Amino acid sequence: MDKNEKIFAAVDIGSTKIVALAGKKNEEGKIQIIGLGQSTSRGVSRGVVLNVEEAFAAINEAVGVAEKDCGHDIENVFVNISGQQLTTLTLRQHKVLGRDHCFNENDISQLMEQASQINLDEGMFIYHINPELYTIDGEPVMASPVGTIGEKIEADFKIHIAPDSYQRNIAMCFYKGSISVQKAILDPIASSEVVLTEDEKEAGVALVDIGGGTTKISIFSEGVLCFTSMVPFGGNVITRDIKEGCSITAKEAESLKRQFGQAIADFAPEHKVVTIQRNGWEPKQISFKSLAHIIQARMEEIIVHFFYQVRKSGYADKLGAGIVITGGTSLLINLPQLINFHTGFDVRIGKPILIDFVSDKEIGSPIFATALGLLKMAASDDEQPGKKKKRKPVKVKSNEPGFLMTMKTKIAQQVIVFFEENPADTEMT
């Protein structure tokens, strides 16, 4: 591969896995996936980096594999932000500019700037902000207010906040690998780029990402991310129940779940069994029906918890497009039917189909939705006119004594300054 060829990269930091993707634009303008790396997540709990040393090792492993795969150093990445303390606020701002004023882009930017100055509790940070509704002289504006004539403009904003430690810890992980975090994107916004259509976002849709360690709920209405929440468990508890219920190892339980599990016991074959060969022990037989009963019981608990969050959001009656599920656990056979039975909503699996890419790698699964969404946004960002070229990060020896202690304050200051200089950018954190 040409070392001077322009590539872009994304890293999905999850509770159970790290995924690194590298891509480039081919001659047809499509995103060509040229590098893929995966590793078991370490130092990450419920989507949040807690142990920087362990998380760095896991990220470095995934990125290293992707670099080897594509034959190119990865210097800048798009990453995801998630966590149980991510919350959404609604804020109204207004401006009075005199009679017969023609509202322009600068007016909208000033409203956004006003919204970004909201007083937050110590340690909290605005990760995403977007307008939900504009009104001109009391009349709702269905599209952009730019070019509309009036005196007073009002805007309702959705502001998504979380502890600023989320971004600082991620920044430290990548800094150790001499990689710049180009942008940090809220997890549901990244996933929605490739699994939700604009019509679904407009009609109202709940995006439910059922991963290994967490179940993340995000609601879009009228094209805007309106609500986010998290249930602090996911597919891993199903694996644990299979392990304990069948008296097998965790590895065997995960394999059974993936290969033979399904979400509705009534649909499982009555007399079909799977035999587990075990060194030094008698083979163990487990019926498909028993396996499905274990999965259904725990899956119904997950559904109860995430649907409680949907009802709590106040948007349950505005989900015209129903529920879209993604994440590794969404691949369970008959899971959409089970969710439909308990919620009454139409349900579909959110595979990453809204991205024009070519690849010889198996990445069409919901497991890769967030990483592909980040990569799509990285590709779009790279196309923006007048984009400034980022300075290559200085190489740092990560094994220097006291590295984290000496770098922590500097990293935090750099991140905070970076985001303060871009208060109106709704995709940056």
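The values are calculated or read from the model by the stated rules, or taken from the named source; none is laboratory data. Note that the structure is predicted; figures quoted are calculated from it, not measured. Don't worry about glycine lacking a Cβ; one is built from the backbone with ideal geometry, like all the others, and counts go over all protein chains shown.
A few remarks follow.
- Filtering segment 349-368 to residues that are outside any helix (DSSP H, G or I) and over 14 Å from residue 192 (Cβ atoms) leaves 349, 356, 357, 358, 359, 360, 361, 362, 363, 364, 365.
- Taking segment 46-87 as the range and being outside any loop (DSSP other than H, G, I, E, B) and closer than 28 Å to residue 130 by Cβ as the test, the residues that pass are 48, 49, 76, 77, 78, 79, 80, 81, 87.
- Condition check for residue 62 on (1) more than 19 Å from the chain's Cα centre (by Cα); (2) surrounded by 15 or more Cβ atoms within 10 Å (Cβ to Cβ); (3) farther than 30 Å from residue 227 by Cβ: one failure, at (1).
- Evaluating residue 95 against the criteria (1) at pLDDT below 95; (2) under 21 Å from the mean Cα position of the chain (by Cα) leaves one unmet condition, (2).
- A residue that is surrounded by 15 or more Cβ atoms within 10 Å (Cβ to Cβ), closer than 20 Å to residue 191 by Cα and either touching a residue at least 12 places away in the same chain (Cβ under 8 Å) or of a type outside the set (Phe, Trp, Tyr) (or both) occurs nowhere in segment 89-101.
- Residue 15 passes every criterion in (1) in contact (Cβ under 8 Å) with a residue 40 or more places away in the chain; (2) outside any loop (DSSP other than H, G, I, E, B); (3) among the small types (Gly, Ala, Ser) apart from (2).
- Search result, residues across segment 47-62 that are of a type in the set (Gly, Ala, Ser) and touching a residue at least 40 places away in the same chain (Cβ under 8 Å): 47, 55, 58, 62
- Counting only helices (runs of 4 or more DSSP H) wholly contained in segment 103-201, no element carries 3 or more residues that are at pLDDT below 90 and buried (at least 22 other Cβ atoms within 10 Å of the Cβ).
- Any hit, segment 332-340, residues being closer than 25 Å to residue 184 by Cβ, modelled with pLDDT of 95 or more, outside the structural domain of residue 70 (by TED's automatic domain parsing) and out of contact with any Phe, Trp or Tyr (no Cβ under 9 Å at 6 or more places or on another chain): no
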